[in-house]
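What follows is one structure encoded as structure tokens, with my remarks underneath.
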Amino acid sequence: MRMVGALLAVHREAAGYTQKSLAERFVIGEDLIASIEQGRRPLKLDLAVQLDELLGTNRTLETAVENMPEVDLVPRWAEEYLDCEREAIAISVYESLLVPGQLQTEGYARAVFRSRVPVYDEDEIEQLVSTRIERQEILHRKVPPTTSFVIWEAALRDQLGGKAVFDEQLRHLREYADLPGLALQILPLGRTSHAGLNGPFVLLETPDHQRLAYTETQRGSQLIADPDEVAILTQKYAMLRTQALNSEDTMGLLDRLLGEQ
């Protein structure tokens, strides 16, 4: 990713473009061009093709993207979701295994990636942690998306990364529970019914009010646009919110968990 970014920077400068003027040609953010050139965000294939045409680079960037090792890529099946997440006006997340990525601390995210089998090397882990933390920018925008998180309490009973890391993660969750436009609810243990037994999922609403869903498996993921399928997951999420603690009781549980540490 750093090499592809460096190639883009060389060709951009040779063609007389700044990061800002190049971004304006494609009606994208200057920060996106900067992130690609710094190797912090992957250059997507469709943009590489357009850049080659504009810069007259004879498929150089397209070829580089097509031949990048998979280990250096945000998986292509996840790229479309990340684009939708950045633009979404509403995000709803149900997570049963771990703290959702948008709410993770650096230490907790590092522990998540270090748990991967087969293992990542430390450079890959740091790159992945950086990308994950960058995603949290959307929660701190002047006008953030409306966000809702339902987390199964089981995910908060493991101490991934060790006691110090998890203490920090719990404090982080407690702080984020007070962010404007963010609703955090914990689905408590000991229930006799559970609407989320089929696993985690995400619901998104785009600026043009299209509703999408996203699910992950061990070896891939699926971005779902079919209205009937999205409706089923929307119903599940509505039920999960009624089964979970309300926001005030959730903050009380987090305070008790912090008191137990």
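Hey, any idea what % of the chain's accessible area is carbon plus sulfur with a 1.4 Å probe? The nonpolar share, carbon plus sulfur, comes to 52 percent.
Counting only protein heavy atoms and a 1.4 Å probe, the chain has 53 square angstrom of accessible area per residue. Axis angle, to the nearest 10 degrees, between helix 227-243 and the longest C-alpha principal axis of the chain: 40 degrees. Dipole magnitude for the chain: computed about the Cα centre from +1 point charges on Lys and Arg Cβ and -1 point charges on Asp and Glu Cβ, it is near 440 debye. Using the alpha-carbon positions of segment 76-216, Rg (one decimal) and Dmax (whole number) come out as 15.2, 44 Å. Entry note: segment 144-261 has Rg to Rh equal to 0.99, where both radii use alpha-carbon atoms and Rh is the Kirkwood radius. Applied to segment 30-36, the Karplus parametrisation 6.51 cos²θ - 1.76 cosθ + 1.60 on θ = phi - 60° returns per-residue 3J(HN,Hα) values of 4, 5, 5, 4, 4, 5, 5 Hz, with x for Gly and Pro. On full extension, the segment bounded by residue 258 and residue 9 gains 85.0 nm, given 0.36 nm per residue less the C-alpha separation.
Ordering 139-151, 208-220, 94-106 by mean Cβ neighbour count within 10 Å, with the highest value first, yields 94-106, 139-151, 208-220. Normalising the Debye intensity of segment 1-140 to I(0), with uniform scatterers on Cα atoms only, and taking log10 at q = 0.17 Å⁻¹ returns -1.01. With the charge dipole of the chain set up from +1 on Lys and Arg Cβ and -1 on Asp and Glu Cβ about the Cα centre, the Cα lying farthest toward the positive end among the listed residues 180, 145, 42 is that of 180. What does the charge dipole of segment 95-151 about its Cα centre add up to, to the nearest 20 debye, if the Cβ of each Lys and Arg holds +1 and the Cβ of each Asp and Glu holds -1? Around 340 debye, computed over segment 95-151. Packing around the peptides 23-32, 59-68, taken as the average count of other Cβ atoms within 10 Å per residue, puts them in this order, highest first: 59-68, 23-32. Taking the convex hull of the alpha carbon positions in segment 1-46 and averaging its projected area over all directions gives 2.8 nm². Computed about the Cα centre, the dipole magnitude for segment 1-148 is approximately 340 debye when only Lys and Arg (+1) and Asp and Glu (-1) carry charge, each at its Cβ. Please report the base-10 log of the normalised intensity I(q)/I(0) for the chain, using a Debye sum with one equal scatterer per alpha carbon and no solvent, at each q in 0.09, 0.12 (1/Å). So the normalised log intensities are -0.47, -0.80.
The values are calculated or read from the model by the stated rules, or taken from the named source; none is laboratory data. Keep in mind that this is a model prediction, so the values were computed, not measured. Cβ: placed from backbone, ideal geometry, glycine included. Neighbour counts: every protein chain shown. Surface areas here come from the heavy atoms of the whole protein model, side chains and all, with no ligands, DNA or RNA. Shrake-Rupley method; radii C 1.70, N 1.55, O 1.52, S 1.80 Å.
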